[in-house]
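Novice: Please find one structure pasted underneath; my questions will follow.
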Amino acid sequence: MASALTVGLALLPLIVVFIGIIVFRLSGALMAIIGWALAALEAATYFRTSVDIVLGASIYGIIKAFGITIAVVFTMLMIFTMKEVGALSVISDGIKRVARTKEQQALFIGIGFGTFVTSLGVVTPALFPPLLMALGFGPAASVAIAVIGYNASTSFALLSIPITLPADIYGLDAFDFAFKISIFLPVISTLISIAMLWVIGGKESLKKGFVPAIISGLVIGVSALMLVILRAPIMIIGVMAGILTMIVLYIYQKFENRALERSEPLEWRPLLTALSPWIILIALASVVSVPAVTEILKGVDGGWSLGWATAYKTVDLDFMASVYFWILVAYLLSLPILKPTKEHLRNAAKIWVRRIWPPFIAYSLFFSISFIMAYSAMVVQDWGLAPSNYFNDLNMNVAIGSSLASLGPAYVLVASLLGLFGAVVGGSETGSNVMFYKIQQQASKDIGLNDKQFMTIYGAHANAGGIASAITPSKINNAVATIGGGGELESRIMRKNAAIVLLITAVLSIMTWIFVNIGI
């Protein structure tokens, strides 16, 4: 087991980031820089990691983040142009006719539509805040809805890469892993829906929207679980759960609102025009997500890759199969439909250039921090990375994991915190699932759990990574940047969401203990 000093220093970058945002109200981008500098300094000194590995891990993290950072950049360009041409106002008016109350709107957009587009790979913190502001939500509520609802289906986001990638790397049965995740979802997704109401209006919103919140959470959770049991294609489970949720919420809201004053009928032509960037994107993403199409597109770029030559670690760009490429294509194809003027494009470009840097920096450097931690106390050997003789004592991730495993049987109650920690630091549940798999596996073995019980813990770990989206600094910074907010707003969101995340994670931990002990 690592010493208390080692564990404390391993956790220090994350602690400093949280204190900087919550207490001193500094921006997530600035704290990403500070957190990276601290992690790099610690790795190069106390954790005995060579400078070339520290710098290489940092560069590798930035490259690995491209799938998110570039998607964020193009999504922001799309949303700023839509705002300039008045498309967001038209969409918000249409939503108000479908969902009358703030509670209904938050659930329909944040949970139903959010699950759908997130599952297709769209980064909703870059997409939703301006739309929610147009609907009349305040800045804090707009950001909170975007980040809390980002992962209501937890691991089924981003075409289920948080499930399929670790399954490929570690030789897991993807459906077994998906099942272990899904057994938690009916409860976790429902709690996320309830949390969304709490942040927009406290007890009053809970009272008004409690029933649709329960409905939306259960539809997502139960449908995902049933689709896994029926062995539907894992990549589209989140997409289907989001569609079902929107349909059920629409039916419920139509029934509930039938006694209200009838509104003017929807004008479909301007609404479809305003929605054209999203309609095109959804159509493109749906086609690209077909496995056979994905494999073809991966070969189009001729195998272009970027990487870290010293350790022979490369990242295949596969840009034709990446959602960020199709976000740009959807944007360009929608321009003749939206018909922006030169002034519209010029204004959108000015805002875009000014606001893209904070989220780009935040996502990139939080990924860098996660790889510095993962590769600490490693050495370059035969054109690759290998654990040093002092790896088990001085690797940052191992130090944190071993300290939790030392709790013995109580480890089951805190194991999911690794999923939370990894996703917050790295900004990605996928990264957390990959980096902490072996640590969770070894810790489970050390306390005498079998493979089935370990997979239950690993499923909880993945769920915690999804829950973490609500307090991930890079996502909050991204959402705040789209509406021109600053460190004060980020601090407010982080403080309010932290209690919610810890509460939901506590419920997840109790469920984990129950499932492990009854053999599920």
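Novice: I'd like the distance between the alpha-carbon centres of the stretch 174-194 and the stretch 356-404, rounded to an integer number of Å.
Specialist: The distance from the Cα centre of the stretch 174-194 to that of the stretch 356-404 comes to 29 Å.
Novice: Turning to a different aspect of this structure: P(r) for the stretch 345-445: what percent of alpha-carbon pairs falls in each 10 Å bin, starting at zero?
Specialist: Over the stretch 345-445, the share of Cα pairs per 10 Å bin runs 14, 36, 27, 13, 8, 3, 0 percent.
Novice: While we're on this one: Largest first and in whole Å, what are the equivalent-ellipsoid semi-axes of the stretch 242-399 based on the Cα gyration tensor, each being the root of 5 times an eigenvalue?
Specialist: The answer is 44, 23, 19 Å, longest axis first.
Novice: Rounded to the nearest Å, what's the spacing between the alpha carbon centres of the stretch 406-451 and the stretch 6-32? Just the number, please.
Specialist: 21
Novice: Hey, what did the chain get for relative contact order, percent, Cα under 8 Å, at least 6 apart?
Specialist: RCO, the chain: 27 percent.
Novice: Mind checking the full-extension length gain between residue 48 and residue 506? Use 0.36 nm per residue of separation minus the Cα-Cα distance, one decimal, nm.
Specialist: Full extension of this stretch gives 161.4 nm more.
Novice: Ok, one more. Is there a quick way to get the dipole size of the stretch 152-304? I mean about its Cα centre, with the Cβ of Lys and Arg at +1 and of Asp and Glu at -1; what is the value in debye to the nearest 20?
Specialist: Taking the Cα centre of the stretch 152-304 as origin, the dipole is about 460 debye.
Novice: Next up: Go through (i) -0.51, -0.63, -0.88, -1.29; (ii) -0.36, -0.47, -0.75, -1.30; (iii) -0.40, -0.52, -0.82, -1.37 and flag the label whose value is the computed log10 I(q)/I(0) by the Debye sum over Cα atoms at q = 0.07, 0.08, 0.10, 0.13 Å⁻¹ for this structure.
Specialist: (ii)
Novice: Here is a further query. Which order, highest average first, do 211-218, 146-153 follow once you tally other Cβ atoms within 10 Å for each residue and take the mean per peptide?
Specialist: Result, highest mean Cβ count within 10 Å first: 146-153, 211-218.
Novice: Sum -39500 (n - 2.57) across every DSSP H segment of at least 4 residues in the chain, then divide by the residue count to get the 222 nm mean residue ellipticity, nearest 500.
Specialist: So the calculated ellipticity at 222 nm is -23500 deg cm²/dmol.
Novice: Give the angle, between 0 and 90 degrees and rounded to the nearest 10, that separates the Cα long axis of helix 473-482 from the longest principal axis of the Cα atoms of the chain.
Specialist: Approximately 30 degrees, to the nearest ten.
Novice: How much length would be gained if the chain were fully extended between residue 292 and residue 337, taking 0.36 nm per residue of separation minus their Cα-Cα distance, in nm to one decimal?
Specialist: Separation in residues times 0.36 nm, less the Cα-Cα distance, equals 13.2 nm.
Novice: Here is a follow-up. Quick one: dipole size for the stretch 4-518, taken about the Cα centre, charges +1 on Lys/Arg Cβ and -1 on Asp/Glu Cβ, in debye to the nearest 20.
Specialist: Dipole size: approximately 1340 debye.
Novice: Taking 0.36 nm per intervening residue step and subtracting the Cα-Cα distance, what contour gain separates residue 304 from residue 347 on full extension?
Specialist: 12.1 nm
Novice: Related question: Mind checking which of 137, 213, 181 is farthest towards the positive end of the stretch 95-238's charge dipole, using Cβ charges of +1 (Lys, Arg) and -1 (Asp, Glu) about the Cα centre?
Specialist: Farthest towards the positive end: 137.
Novice: On to the next question. What ranking do 434-441, 335-342 get when scored by the average of other Cβ atoms within 10 Å per residue, highest first?
Specialist: Put in order of decreasing packing, that is 434-441, 335-342.
Novice: Could you check the simple spin-label distance between residue 514 and residue 452, using points 7 Å along Cα→Cβ, in nm with one decimal?
Specialist: Once both label points are built, they end up 1.9 nm from each other.
Novice: In addition: Taking the Cα centre of the chain as the origin and placing charges on Cβ (Lys, Arg +1; Asp, Glu -1), which of 238, 300, 457 is farthest toward the positive end of the dipole?
Specialist: Looking along the dipole axis, the top candidate is 238.
Novice: Using the charge dipole of the stretch 4-518 (Lys, Arg: +1 at Cβ; Asp, Glu: -1 at Cβ; taken about the Cα centre), state which of 437, 88, 499 has its Cα farthest towards the positive end.
Specialist: Comparing the listed Cα positions along the dipole, 88 ranks first.
Novice: Using the alpha-carbon centroid of each, what span in Å lies between the stretch 271-300 and the stretch 103-141?
Specialist: A separation of 20 Å, based on Cα centres.
Novice: Moving on to the next point. Using each residue's phi in the stretch 353-366, evaluate 6.51 cos²θ - 1.76 cosθ + 1.60 at θ = phi - 60° and report the 3J(HN,Hα) Karplus result to the nearest Hz, with x for Gly and Pro.
Specialist: Once θ is set to phi - 60°, the couplings for the stretch 353-366 become 4, 6, 9, 6, 5, x, x, 4, 5, 4, 4, 4, 6, 5 Hz.
Novice: Taking H as built 1.01 Å from N, whose amide H comes closer than 5 Å to the amide H of residue 314, not counting residues under 5 places away?
Specialist: Answer set, sorted by chain and number: 308.
Novice: Only residues of the stretch 152-171 count here: report those whose backbone N is under 12 Å from the spot 7 Å along Cα→Cβ of residue 386, or say none.
Specialist: None, by backbone N distance to the label point.
Novice: About its Cα centre, how strong a charge dipole does the stretch 257-416 have in debye, to the nearest 20, once Lys and Arg get +1 and Asp and Glu get -1 at the Cβ?
Specialist: Dipole about the Cα centre, nearest 20: 740 debye.
No lab work stands behind these numbers, since they all come straight from the coordinates. As the structure is a prediction and not an experimental result, all values here were calculated from the model. A quick note on method: Cβ atoms are made from the backbone with ideal geometry, for glycine too, and the neighbour counts reach across all protein chains shown.
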